[in-house]
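Trainee: Below are the structure tokens for one structure; questions will follow.
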Amino acid sequence: MMERTKRADIPVKETWDLSDLFETEVTFEGELNSLEDDVQTVLDYKSKLGNDADTLLGAIKTMEAFMQRIIKVGSYAMLKISADGSDSANQSLYAKTMTTLTNVETKLAFFDPELLAIPEDTLKKFIDELPGLQIYKKMLYDILDKRAFTFTAEIEEILGALGEVHGAPQMIYERSKSADFDFASVEDNEGNTLPMSESLYEDKYEMSANTTIRRKTYESFIQTLSRYKNTFAATYQTEVTKQITMAKLRGYSSVTDMLLQDQHVTKEMYENQLNIIQEELAPHMRKYANLLKADYGLETLHFSDLKAPLDPDYNPEITFEEAKKMIQDALSIMGDEYKEIITKGLNERWVDYADNIGKQSGAFCASPYGSHPYILMTWTNQMRGAFTLAHELGHAGHFYLANHYQKLMNTDVSTYFVEAPSTLNELLLAEHLLQNTTDKRKKRWIISELLGTYYHNFITHLLEAEFQHRIYQLAENGVPLTADVLCEQKTEAIANFWGDTVKLDEGTGLTWMRQQHYYMGLYPYTYSAGLTVSTAVLQRIKSDPDVAISDWLDVLKAGGSLTPLELTKKAGVDMLDPETIKSAVSYVGDLIDQLEESYQ
């Protein structure tokens, strides 16, 4: 088996620069150790929040400053272990950090319950009489909305002390994937040995134009998942049980209601995303599946073939440097301020794009307040990677602006909206590429890549959301979440969407093990919500670019100071209207029609 590269041997330019957070690990350790002493600056306000408006404002500002320090420390530890979870030093640093932060956050657990103890009339009076509190009005009212579901300060403090335990299922899941997963290498058609890892499969082999490579690496991938299915099932059942138990204890009618409240989303909005897209997109995607099957001359289209590129003989590779230039050109339409952020991100080591042992799979963007964003991904010289990079830069641009224009307390954006800025960048990249070519085959390739964005958000993550929806219903009815139950539900959700156009196998059901988002509440469905918003914004940009982009930049700068519905309305999009979702699905259908026509 070919060995993958160790983190220490990766060229520095391919890694992010954590010295922008803490110059050295010694500096980090000093800050970590000082947090437990300095938490007293916040504790000095304990039992005093309701005294008067000035005291309340002082407490909020002190808490905000302290939380900024916590975020920097937590981000540093998380970024270290994400880059190499197999490194015992990173594991130790992360564990120590989480223990310290749990201790600190336990002491801070008094804050929200004490705010809730302030009579609503008194709190409104404080806000009206002190202009400084106006900035925090939404944050304070968001806390008030949870009054009926919040325990006493003493109980919240006890629960806070169990924070590390509550986070254990996700930690175990991520640790096992990064440090324990071992995949058998595979041979290509010519007998060459291909190294195998989760990131290589998800970012490269799964989208290979070579059917032998796709199917063989899928088998290797599934074989490894199968070895862990019972352990991961127990881990996930623990997470679900925790969520359901907390929902019951806090007085919610269901775990879904509890999780949606945090997003400021109604159940109708949530169910519209699930139901409308599955029902209306399925016929379009079955048409696409048959097109893919014919393009490859396959007798049967397997589940492992679904991400194969159309026109397999036309698959130009792209270097990271080429992708940088392409993305900068595509996003220049957003104006000078946004373009400057993107340029800094691409040239000042905000992006970690190496492939090394122990690196977390997938991609994410972390945006610690007071610093700049950090993007993790694995570069495989595939065009899909350019869309992934543009996506994560969308998150970076969003939170760079939000962090710059808003106080920390107003930067927490609902997950319902958070994927809109990232997916809009992908759509703008595709539009830029389409406008700059007249080559029929290249256009087909670009549309195929654009469909990858919709596949990721409207199918992969939405079917994960459907699976999650099913699992919560079963668990709340007392059904044990064994590996067999989880696999059965995952297979059924996928089968209902694809019908008989795709051949499913036993490994299909195991794909519930791929996603860490199940440990993050109702996150999977929000990908479809964000892309629905960005699809509508793209149409506005195409018809009236100056106004649409001005509105959009104002939305990005607003951060979490507005609800998701207020943000989308400000962007000129009505997410209460089902037609908005149907219009986005129709756009996907139009893309597939264009692909079909390109073969005629």
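Trainee: Given the conditions (1) out of contact with any helix residue (DSSP H, G or I) (no Cβ under 7 Å at 6 or more places or on another chain); (2) open to solvent by 20 Å² or more (accessible area, probe 1.4 Å); (3) more than 30 Å from residue 583 (Cα to Cα); (4) not in a loop (DSSP other than H, G, I, E, B), and given that residue 226 satisfies all but one, which numbered condition is not satisfied?
Mentor: Result: residue 226 fails condition (1) only.
Trainee: So which residues in the stretch 449-484 are in a helix (DSSP H, G or I) and exposed (fewer than 15 other Cβ atoms within 10 Å of the Cβ), if there are any at all?
Mentor: 473, 484
Trainee: May I ask you to list the residues in the stretch 120-147 that are part of a loop (DSSP other than H, G, I, E, B) and either open to solvent by less than 40 Å² (accessible area, probe 1.4 Å) or modelled with pLDDT of 90 or more (or both)?
Mentor: 130, 135, 136
Trainee: Moving on. Residues that are polar (S, T, N, Q): list the helices (runs of 4 or more DSSP H) wholly contained in the stretch 485-600 that include at least 2 such residues.
Mentor: By residue number, 526-543, 578-598.
Trainee: Here is a check on your reading of the model: is residue 329 of a type in the set (D, E, K, R) and more than 17 Å from residue 12 (Cα to Cα)?
Mentor: Yes: the conditions hold for residue 329.
Trainee: Can you tell me which of (1) assigned to a helix (DSSP H, G or I); (2) in contact with a Gly (Cβ under 8 Å, 6 or more places away or on another chain); (3) not aliphatic (A, V, I, L, M) is the one residue 86 doesn't meet?
Mentor: (1)
Table: residues versus (1) free of Cβ contacts under 8 Å to residues at least 24 places away in the same chain; (2) more than 22 Å from residue 519 (Cα to Cα).
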position	(1), (2)
102	no, no
113	no, yes
117	no, yes
137	yes, yes
143	no, yes
146	no, no
150	no, no
159	no, no
165	yes, no
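Trainee: What are the residue pairs meeting all of these: first residue in the stretch 30-55, first residue loosely packed, with under 15 Cβ neighbours inside 10 Å, second residue of a type in the set (Lys, Arg), Cβ atoms under 6 Å, and 6 or more apart or on different chains?
Mentor: As it stands, the answer is 55/48, since those pairs meet every condition given.
Trainee: Something else about it: Residue 392 - would you say it is touching a strand residue (DSSP E or B) at 6+ places or on another chain (Cβ under 8 Å), assigned to a helix (DSSP H, G or I) and either modelled with pLDDT under 95 or open to solvent by less than 40 Å² (accessible area, probe 1.4 Å) (or both)?
Mentor: Working: touching a strand residue (DSSP E or B) at 6+ places or on another chain (Cβ under 8 Å): yes; assigned to a helix (DSSP H, G or I): yes; either modelled with pLDDT under 95 or open to solvent by less than 40 Å² (accessible area, probe 1.4 Å) (or both): yes.
The answer is yes for residue 392.
Trainee: Another question about this same structure. Give the residue, chosen from 486, 463, that is touching a Gly at 6+ places or on another chain (Cβ under 9 Å) and in contact (Cβ under 8 Å) with a residue 12 or more places away in the chain.
Mentor: Being touching a Gly at 6+ places or on another chain (Cβ under 9 Å) and in contact (Cβ under 8 Å) with a residue 12 or more places away in the chain holds for just one of 486, 463, which is 486.
Trainee: Among the residues of the stretch 261-276, are any over 30 Å from residue 143 (Cα atoms) and surrounded by fewer than 20 Cβ atoms within 10 Å (Cβ to Cβ)?
Mentor: yes
Trainee: Just wondering, is there one or more residues in the stretch 179-198 that are among the hydroxyl-bearing types (Ser, Thr, Tyr), outside any loop (DSSP other than H, G, I, E, B), within 25 Å of the chain's Cα centre (by Cα) and surrounded by 15 or more Cβ atoms within 10 Å (Cβ to Cβ)?
Mentor: no
The values are calculated or read from the model by the stated rules, or taken from the named source; none is laboratory data. Computed from a predicted structure; not experimentally measured. Methodologically, a virtual Cβ is constructed for each residue, glycine included, from the backbone with ideal geometry; neighbour enumeration extends over all protein chains shown. Calculation scope for accessible area: heavy atoms of the full protein, side chains included, ligands and nucleic acids excluded. Shrake-Rupley method; radii C 1.70, N 1.55, O 1.52, S 1.80 Å.
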